[in-house]
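Presented below is the structure to which this report refers.
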Amino acid sequence: MIDLTHVGERLLAAMVTCSPKVRSELAVHLGPSVLRRRAVVEAPLASFGALAFDGASRIDVGLVDDEAGQVLAVEAKLGESRLSRRAFEERFLPPCGVSHGGARVTGSMIAILEGKLPAAGPDARLLARVPAEAGGEGTVEVEPRWALVVRRRTLEGWLRRGLPGLSSRCAVIAFDDLVEAYGGRAAFNALVRELLEVDYFEAWKLGAPAR
């Protein structure tokens, strides 16, 4: 069976795109501007001042405000292991560093979004590349606020034992609440079937004529 962590970003983006109720649930945590935004998956970071990023530094789901030229990052951590407060902090919250002779940022996306970035000058902006509405690709500024989506049981565990050391710029949202807003079991299962419907025979080029 395919694990939720393998398709969570696609599911989250699809729910935001298809469901006004999901956008309304996000607006409770992130403000009304998210109601008019479009969702993109795995938007790569472009730069922070003069510093670059490698291809692994990607926003799971970006909520793009085309008028403002900004994107609000949503990170999905939908697994069920190694997400205790201590493990989360050890894995995702150490400060970022640099590599490639000081030219590239290293570190987790969560540390990047928390602003734990290397010094890059007072006017340095965090930029990401997103697909443009009319085709092609554009560069937008990553907003300081961001959202972390986790399973409800993870969030409940944090509330009992203490939240990780995240700043006030981060809103923590239960994935289960978004699924309920989308329509619950039947609607969610239908979406999963739709997203995972792949012609593997064609994708793997089976049955091609011998040469």
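The values are calculated or read from the model by the stated rules, or taken from the named source; none is laboratory data. These numbers come from a predicted model, not from an experiment. Quick reminder, even Gly has a Cβ in these numbers, built from the backbone with ideal geometry, and neighbours come from all protein chains shown.
What the table shows:
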{"read-out": "Cross-chain or 6+ apart pairs with Cβ under 8 Å, region 161-183 first and more than 15 Å from ILE110 (Cβ to Cβ), then at pLDDT 95 or above and part of a strand (DSSP E or B)", "value": "ALA174/VAL149; ALA174/VAL150; PHE175/ALA76; PHE175/VAL149; PHE175/VAL150; LEU178/VAL149"}
{"read-out": "Qualifying residue in region 72-79 (condition: in contact with a Lys or Arg (Cβ under 9 Å, 6 or more places away or on another chain), assigned to a loop (DSSP other than H, G, I, E, B) and farther than 27 Å from PRO131 by Cα)", "value": "yes"}
{"read-out": "In region 34-44, the residues that are assigned to a helix (DSSP H, G or I) and in contact with a Leu (Cβ under 8 Å, 6 or more places away or on another chain)", "value": "VAL34"}
{"read-out": "Residue selected from region 54-65 under the condition at pLDDT 95 or above and either outside any strand (DSSP E or B) or small (Gly, Ala, Ser) (or both), by the criterion surrounded by the most Cβ atoms within 10 Å (Cβ to Cβ)", "value": "GLY62"}
{"read-out": "Options SER24, SER47; residue that is outside any loop (DSSP other than H, G, I, E, B), under 28 Å from GLY101 (Cα atoms) and in contact (Cβ under 8 Å) with a residue 40 or more places away in the chain", "value": "SER47"}
{"read-out": "Test: residue in region 70-87 that is crowded, with 16+ Cβ neighbours inside 10 Å, in contact with a Cys (Cβ under 7 Å, 6 or more places away or on another chain) and not aromatic (Phe, Trp, Tyr)", "value": "no"}
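Yes or no, residue by residue, for (1) touching a helix residue (DSSP H, G or I) at 6+ places or on another chain (Cβ under 9 Å); (2) among the polar types (S, T, N, Q); (3) under 23 Å from LEU12 (Cβ atoms):
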{"position": "ALA68", "(1), (2), (3)": "yes, no, yes"}
{"position": "PHE88", "(1), (2), (3)": "yes, no, yes"}
{"position": "CYS96", "(1), (2), (3)": "yes, no, no"}
{"position": "ILE112", "(1), (2), (3)": "no, no, yes"}
{"position": "GLY138", "(1), (2), (3)": "no, no, yes"}
{"position": "PRO144", "(1), (2), (3)": "yes, no, yes"}
{"position": "ALA147", "(1), (2), (3)": "yes, no, yes"}
{"position": "VAL150", "(1), (2), (3)": "yes, no, yes"}
